[in-house]
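The values are calculated or read from the model by the stated rules, or taken from the named source; none is laboratory data. The shown structure was predicted, so the numbers you read here are calculated from the model rather than taken from an experiment. Cβ sites come from the backbone with ideal geometry, for glycine too, and all protein chains shown count toward neighbours.
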Amino acid sequence: MQQRHVFRNGLYVLLLIIFTFYFLGRGTKEGVDIAILGAFPEETAWIKSQTENLHSVEKMGIKFLLGKLEGKHIAIVETSIGKVNAAMTTTLLLEHFLPQYVIFTGVAGGLNPDLLPGDIVIGERTVQHDLGDFTPQGIIPKGMRNPLTSIRNPVYFAADSLLLTAAQAAAAKVDFEPIETSAGKRYPAIIYGTITTGDAFIAFIDKKQELRDLHHAEAVEMEGAAVAQICYQHGYPLLVIRCLSDNSDENAEVDFEKFYEVAARNANRLVLEIVKGL
Ligand code: ADE
């Protein structure tokens, strides 16, 4: 009788140990200091080349590269193009890698007529230009409800103030590559302002003007405000940095091909300097 009790209690203890290890193992998270996102490979290629001990971890088919940059643990991931892809990858990133800071780096189309390909926009805020009520007067921007709180999101997502301050300090120190233009070599101008996001590549001067008027945005791209919405809803600090590859006009596709690689590298150079300062 006594022996059967000992055996049964032993079995319970063993099962408890197995379950504890199983659930602890399932819940293991690898936290990083900084997450760096880009939409397509060239948007993070240069920063990858500067990162040590790169190794990859897959989560639901998405490859996250982990490594060390300037002594900090980082995760680099490609979101793929568009708001839905960006939201999906950002959610996986936050869930599995709990970053202290999130930085999106990439290229964009210019909306401010004073800017040229190669210039850099540091996003003080991001906004989705295709989210809201579509009326005869055009689109009336509207934030959607945060599913975690049922509270309506703001139309504009503000950048994290610490990251913005770090970017300001970093911008003065970066050794940018010049862009070759028909008028000669040009170094990037850096401005701070609104970046607008939507699910379309803008290559039409009338639409460019409309987006400029709607949000007084400096640049347009296809992921930033989607990443911002996910970060906002889950309370993660974000900064979006974009270097212009084109002017969002009828020449946009030709300019994009000409300038996207150097534009992506210069956005990455600024990110490296920010990471140094954090
Ligand atoms: N990314 C780079 N150029 C762009 C453009 N013209 N429109 C939207 N996203 C872009």
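Only residues that are under 20 Å from Y101 (Cβ atoms) and either modelled with pLDDT under 95 or surrounded by fewer than 24 Cβ atoms within 10 Å (Cβ to Cβ) (or both) were counted in the stretch 238-269, giving 1. Scanning the stretch 97-121 for residues that are closer than 30 Å to E58 by Cα and among the aliphatic types (A, V, I, L, M) yields L98, V102, I103, V107, A108. Counting only helices (runs of 4 or more DSSP H) wholly contained in the stretch 190-278, the ones carrying 3 or more residues that are among the hydrophobic types (A, V, I, L, M, F, W, C), in contact (Cβ under 8 Å) with a residue 60 or more places away in the chain and within 11 Å of the ligand (Cβ to nearest atom) occupy 252-277. Inclusion of S150 among residues that are in contact with a Ser or Thr (Cβ under 9 Å, 6 or more places away or on another chain), more than 15 Å from L239 (Cβ to Cβ) and polar (S, T, N, Q) is not warranted. Checking V240, V271, V254, V262 one by one, the residue that is closer than 19 Å to Y156 by Cα and either touching a Cys at 6+ places or on another chain (Cβ under 9 Å) or assigned by TED's automatic domain parsing to the domain that holds I36 (or both) is V240 and no other. Restricting attention to the stretch 173-197, the residues that are at pLDDT 95 or above and under 15 Å from G110 (Cβ atoms) total 10. Test I195 against the criterion of being assigned by TED's automatic domain parsing to the domain that holds E223 and either touching a helix residue (DSSP H, G or I) at 6+ places or on another chain (Cβ under 6 Å) or over 22 Å from H234 (Cα atoms) (or both), and give yes or no. In short, yes.
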